[in-house]
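Q: Structure incoming, see below.
The values are calculated or read from the model by the stated rules, or taken from the named source; none is laboratory data. Just so you know, these numbers come straight off a predicted model, no measurement behind them. A quick note on method: Cβ atoms are made from the backbone with ideal geometry, for glycine too, and the neighbour counts reach across all protein chains shown. SASA here: full protein model, heavy atoms, side chains in, ligands and nucleic acids out. Shrake-Rupley method; radii C 1.70, N 1.55, O 1.52, S 1.80 Å.
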Amino acid sequence: INALSALCEATEADVDEVAHAIGTDSRIGPKFLKASVGFGGSCFQKDILNLVYLCRHFNLPEVANYWEQVIIMNDYQKYRFAKSIITTLFNTVNGKKISFLGWAFKKDTNDTRESAAIYVAEHLIEDGAEIHVYDPKVSETKIKADMRYVWELKGLTEEKITQKLAQIFVYTNPMEAAHKAHAIAVLTEWDVFKTYDWESIYSNMYKPAFVFDGRNILDVQKLAAIGFQVKSIGKG
């Protein structure tokens, strides 16, 4: 709010009115204090970047840098999650099957814009992983289009993009996606993931069987009792 106060002075706004408006949003508080692999969606990042632009326009570089750091931290969280998978799987995922549960940026939607899954997949594919994806609402066409867009922005050749796309496999059945996986990564907080037969999933995975819960939705003690090695966001 202190950062916003500087922008309010520059634009002749009232910081108390801004604070009141923000405070009426029910998401401020516990609902938005859930640690995760990172936020996605088309709006939040765009709005923050717009705020950065306004602050630079009004010659408030310290405020602009403050808000830009939110984007930097969000990108870092995705990288940190991917790096944790690589490090835990004995410092390489080359040729290993990593099962993604979820691709949408949040549950109950097929919207994948700026989804954390896209960027985690990019890091893992760069290290040679095979990404096997199941999402209840997102199609194979959309998943591969998401990855193609990222690689085209980076200037990769069509040949290189085709090679990388061959490392992505999409399923309509979660059990098939997890079959003989080296690790499972939860990227979207779909409620249905909590109800799966995790004992069957464990029995069909390579051992040690790892679960990386990027949304902190799974029962860690239950999974550990089955035999999984579980890594959650922000938990030892």
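Q: Test I85 against the criterion of being surrounded by 14 or more Cβ atoms within 10 Å (Cβ to Cβ) and closer than 18 Å to L187 by Cα, and give yes or no. Full working, then the answer.
A: Numbers: surrounded by 14 or more Cβ atoms within 10 Å (Cβ to Cβ): yes; closer than 18 Å to L187 by Cα: yes.
So I85 fits the description; yes.
Q: Separate question: Give the number of residues within region 121-134 that are part of a loop (DSSP other than H, G, I, E, B) and open to solvent by less than 10 Å² (accessible area, probe 1.4 Å).
A: Pass one, region 121-134, residues part of a loop (DSSP other than H, G, I, E, B): 127-129.
Filter once more, so that each one left must be open to solvent by less than 10 Å² (accessible area, probe 1.4 Å): 129.
Count: 1.
Listed here are the residues, each with its yes/no results for (1) open to solvent by 70 Å² or more (accessible area, probe 1.4 Å); (2) under 17 Å from K231 (Cβ atoms); (3) assigned to a loop (DSSP other than H, G, I, E, B).
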| position | (1), (2), (3) |
| --- | --- |
| E9 | yes, no, no |
| G38 | no, yes, yes |
| S42 | no, no, yes |
| L51 | no, no, no |
| K78 | no, yes, no |
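Q: Which residues, counting only those in region 97-111, are buried (at least 24 other Cβ atoms within 10 Å of the Cβ) and within 22 Å of D127 (Cβ to Cβ)?
A: I98, S99, F100, L101, G102, W103
Q: All but one of (1) loosely packed, with under 13 Cβ neighbours inside 10 Å; (2) of a type in the set (A, V, I, L, M, F, W, C); (3) closer than 30 Å to A183 by Cα hold for V70; which doesn't?
A: Evaluating V70 over (1) loosely packed, with under 13 Cβ neighbours inside 10 Å; (2) of a type in the set (A, V, I, L, M, F, W, C); (3) closer than 30 Å to A183 by Cα leaves (1) as the failure.
Q: Go through region 57-67 residue by residue and tally those that are surrounded by 15 or more Cβ atoms within 10 Å (Cβ to Cβ) and without any contact (Cβ under 8 Å) to a residue 40 or more places away in the chain.
A: Total satisfying the criteria: 1.
Q: Let me ask something additional. Just a yes or no: is a residue in region 113-120 in contact (Cβ under 8 Å) with a residue 12 or more places away in the chain, assigned to a helix (DSSP H, G or I) and either among the acidic types (D, E) or farther than 19 Å from K154 by Cβ (or both)? Write out each step before concluding.
A: We begin by selecting, within region 113-120, every residue in contact (Cβ under 8 Å) with a residue 12 or more places away in the chain; these are 113-120.
With the extra rule that they be assigned to a helix (DSSP H, G or I), the set shrinks to 116-120.
Restricting the remaining residues to those that are either among the acidic types (D, E) or farther than 19 Å from K154 by Cβ (or both) gives none.
No: region 113-120 contains no residue that is in contact (Cβ under 8 Å) with a residue 12 or more places away in the chain, assigned to a helix (DSSP H, G or I) and either among the acidic types (D, E) or farther than 19 Å from K154 by Cβ (or both).
Q: I'd like to check something: does region 7-26 contain any residue that is closer than 20 Å to T188 by Cβ and modelled with pLDDT under 90? Don't jump to the end; show me each part of the working.
A: Here is the first cut: in region 7-26, the ones closer than 20 Å to T188 by Cβ are none.
Among the residues of region 7-26, not one is closer than 20 Å to T188 by Cβ and modelled with pLDDT under 90, which makes the answer no.
Q: Could you please let me know if K137 is assigned to a loop (DSSP other than H, G, I, E, B) and in contact (Cβ under 8 Å) with a residue 60 or more places away in the chain? Walk me through how you get there before you give the answer.
A: Details: assigned to a loop (DSSP other than H, G, I, E, B): yes; in contact (Cβ under 8 Å) with a residue 60 or more places away in the chain: no.
It is false that K137 is assigned to a loop (DSSP other than H, G, I, E, B) and in contact (Cβ under 8 Å) with a residue 60 or more places away in the chain.
Q: Tell me the strands (runs of 3 or more DSSP E) entirely within region 165-236 that contain at least 1 residues that are of a type in the set (F, W, Y) and out of contact with any Ser or Thr (no Cβ under 9 Å at 6 or more places or on another chain). First the steps, then the outcome.
A: On the way: elements: 168-171, 183-186, 210-213, 229-232.
Correct list: 168-171.
Q: Restricting to region 177-230, and then to whatever is of a type in the set (D, E) and touching a residue at least 60 places away in the same chain (Cβ under 8 Å), can you tell me which residue is most open to solvent (accessible area, probe 1.4 Å)?
A: Taking region 177-230 and keeping what is of a type in the set (D, E), we get 189, 191, 197, 199, 213, 219.
So of that shortlist, the ones also touching a residue at least 60 places away in the same chain (Cβ under 8 Å) come out as 189, 191.
On the way: E189: 49, D191: 73 Å².
Only one residue tops the list, namely D191.
Q: Moving on. Testing R80 on (1) under 30 Å from A181 (Cα atoms); (2) in contact (Cβ under 8 Å) with a residue 12 or more places away in the chain, one condition comes back false. Which one is that?
A: Only one criterion in (1) under 30 Å from A181 (Cα atoms); (2) in contact (Cβ under 8 Å) with a residue 12 or more places away in the chain is unmet by R80, namely (2).
Q: Still on this structure, please answer the following. In this structure, is K34 closer than 30 Å to D108 by Cβ, in contact (Cβ under 8 Å) with a residue 60 or more places away in the chain and among the basic types (K, R)? Before the answer, list the steps.
A: Numbers: closer than 30 Å to D108 by Cβ: yes; in contact (Cβ under 8 Å) with a residue 60 or more places away in the chain: yes; among the basic types (K, R): yes.
Against the criterion (closer than 30 Å to D108 by Cβ, in contact (Cβ under 8 Å) with a residue 60 or more places away in the chain and among the basic types (K, R)), K34 qualifies.
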